[in-house]
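The values are calculated or read from the model by the stated rules, or taken from the named source; none is laboratory data. This one's a predicted model, so the numbers in the text were calculated from it and none came from an experiment. Because the Cβ atoms are built from the backbone with ideal geometry, glycine has one as well, and the counts that use them run over all protein chains shown. Ligands, DNA and RNA are stripped out before the accessible areas are found, and what is left, the full protein with its side chains, is counted by its heavy atoms. Shrake-Rupley method; radii C 1.70, N 1.55, O 1.52, S 1.80 Å.
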Amino acid sequence: MTEVIARIAAGVADLPREEWDACAGTANPFVSWDFLVALERSGSVGDASGWQPLPLVIDGPDGRIAAAAPLYAKSHSQGEYVFDHGWADAWERAGGRYYPKIQIAAPFSPVPGPRLLLRDPDAAPALIAGIETLVERNGLSSAHATFIAQNQVPLFEAAGWLIREDSQFHWTNRGYGDFEDFLADLSSEKRKNIRKERQRAVRGLEIVHLSGGDLTEAHWDIFWDFYQDTGARKWGQPYLTRHFFSILGEMMADRVLLMLALRDGRAIAGALNLVGADTLYGRYWGCNEDVPNLHFELCYYQAIDVAIAKGLRKVEAGAQGGHKLARGYAPEPTWSAHYIPNSGFRRAVAEYLAVERSDVQHDRLRLAERTPFRKDD
């Protein structure tokens, strides 16, 4: 039997771009070499951030990377959007040390996607085993793969990882020709409400879309101010550095879509998106003027317009937000996988997850009944 060796690099930047992307694919920008390296080079991860990059890779017989995982040693549980603070508290009250833990994720991005990056699909068990070995040999409490793609859930289940379920609100393109075509799918009342919201939101404003070579440092300065304000209110301090946005603009400009709302030529609000192969990913929003419904317009309705125009299948507008429901975004399941070596701790978490999963599924069914779509649809 051929021995499989997993190795850890000091960062994704230390690995060949073409080999990493051959494993990651091109569909999801958040696991691309460019995005993860932008986080490293900007100082958004590493150093004192609490996200220490430790990408784990397995080399194939040809000497090229056959499988990889965007892996981080975490000294806290911020920026993950799958909350395990209660687990950490319970483990440490019992005398254990929860941190550092291992996180397999796209940092600061509650975006479902592959967490096992596989040029060779047969390498998945070895990749998972490599993560488990890292945890066990270093006496760590746990490993967590968050927002895993649905088709990878069975891979983690087969390895005995605990599966956690949650929900997000996504918009699905049913082959619409334009926004009015989408509205025709909604009940009459919801259709009227959305038209009114859009009219009020943009009154006296100009909405511009910027991508590729149209993006400048001046635009990033503007958006950085928006991002800092939103981050300070939501998280206490922003996760990303100002330099990250410059690097993003240099390395991924063609996959970036920045929407700005202008009043008399001055930007008063902005929303940042990344474009995937079949999905528009809404990520950050901010403003310096409070305009009713402008958040809905920039983050949800403009995103739908773009998805229809580009023929994209979905819009994923980030975590949480029940207010998305009335705007055509329906609840969809998301999954994370958790490896806990300690049998007692694992058993307690498994019992908790069974109850939580039932509640989440019930809540998702209840929400699905309240979508704005016509009941005969």
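Identify the residue in segment 307-331 that is part of a helix (DSSP H, G or I) and aliphatic (A, V, I, L, M) and, among all such residues, is surrounded by the most Cβ atoms within 10 Å (Cβ to Cβ).
Selected residue: A307.
Please list, ordered by first then second residue, the pairs with beta carbon atoms under 7 Å, 6 or more apart or interchain, first in segment 38-67 and among the polar types (S, T, N, Q), second assigned to a strand (DSSP E or B).
Q52/Y72; Q52/A73
With the structure loaded, tell me whether A354 is open to solvent by less than 60 Å² (accessible area, probe 1.4 Å) and in contact (Cβ under 8 Å) with a residue 24 or more places away in the chain or whether it fails that test.
no
When you check V275 against the structure, is it of a type in the set (V, I, T) and open to solvent by 20 Å² or more (accessible area, probe 1.4 Å), yes or no?
Yes; evaluated as a whole, the condition is true for this residue.
Return the pair list, or none, for Cβ contacts closer than 6 Å from residues in segment 279-298 that are assigned to a strand (DSSP E or B) to residues that are open to solvent by 40 Å² or more (accessible area, probe 1.4 Å), at least 6 apart or on different chains.
G286/D229
Go through the residues of segment 243-264 one by one and say whether even a single one is modelled with pLDDT under 95 and either open to solvent by 20 Å² or more (accessible area, probe 1.4 Å) or out of contact with any helix residue (DSSP H, G or I) (no Cβ under 7 Å at 6 or more places or on another chain) (or both).
no
For (1) in contact with a helix residue (DSSP H, G or I) (Cβ under 6 Å, 6 or more places away or on another chain); (2) at pLDDT 95 or above, each residue gets a yes or a no:
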| residue | (1), (2) |
| --- | --- |
| V4 | yes, no |
| A9 | no, yes |
| V12 | yes, yes |
| L15 | no, yes |
| D21 | yes, yes |
| S42 | yes, yes |
| V45 | yes, yes |
| Q52 | no, yes |
| A67 | yes, yes |
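Do we have A348 as open to solvent by 40 Å² or more (accessible area, probe 1.4 Å), in contact with a helix residue (DSSP H, G or I) (Cβ under 9 Å, 6 or more places away or on another chain), at pLDDT 95 or above and assigned to a helix (DSSP H, G or I) here?
yes
E80 is checked against (1) in contact with a strand residue (DSSP E or B) (Cβ under 8 Å, 6 or more places away or on another chain); (2) outside any loop (DSSP other than H, G, I, E, B); (3) among the charged types (D, E, K, R) and fails just one. What number does that condition carry?
(2)
Under the condition of being of a type in the set (A, V, I, L, M, F, W, C) and in a loop (DSSP other than H, G, I, E, B), which residue from segment 15-54 is nearest to the chain's Cα centre (by Cα)?
Top of the filtered list is A27.
Buried (at least 21 other Cβ atoms within 10 Å of the Cβ), assigned to a strand (DSSP E or B), out of contact with any helix residue (DSSP H, G or I) (no Cβ under 9 Å at 6 or more places or on another chain) and not acidic (D, E) - does that describe any residue in segment 118-131?
So far as segment 118-131 goes, no, none of its residues is buried (at least 21 other Cβ atoms within 10 Å of the Cβ), assigned to a strand (DSSP E or B), out of contact with any helix residue (DSSP H, G or I) (no Cβ under 9 Å at 6 or more places or on another chain) and not acidic (D, E).
Of the residues that sit in segment 137-169 and are out of contact with any strand residue (DSSP E or B) (no Cβ under 8 Å at 6 or more places or on another chain) and over 15 Å from L127 (Cα atoms), which one is surrounded by the most Cβ atoms within 10 Å (Cβ to Cβ)?
By that ranking, first place goes to N138.
If you scan segment 94-117, which residues turn out to be within 29 Å of L272 (Cα to Cα), out of contact with any strand residue (DSSP E or B) (no Cβ under 7 Å at 6 or more places or on another chain) and open to solvent by 10 Å² or more (accessible area, probe 1.4 Å)?
P114
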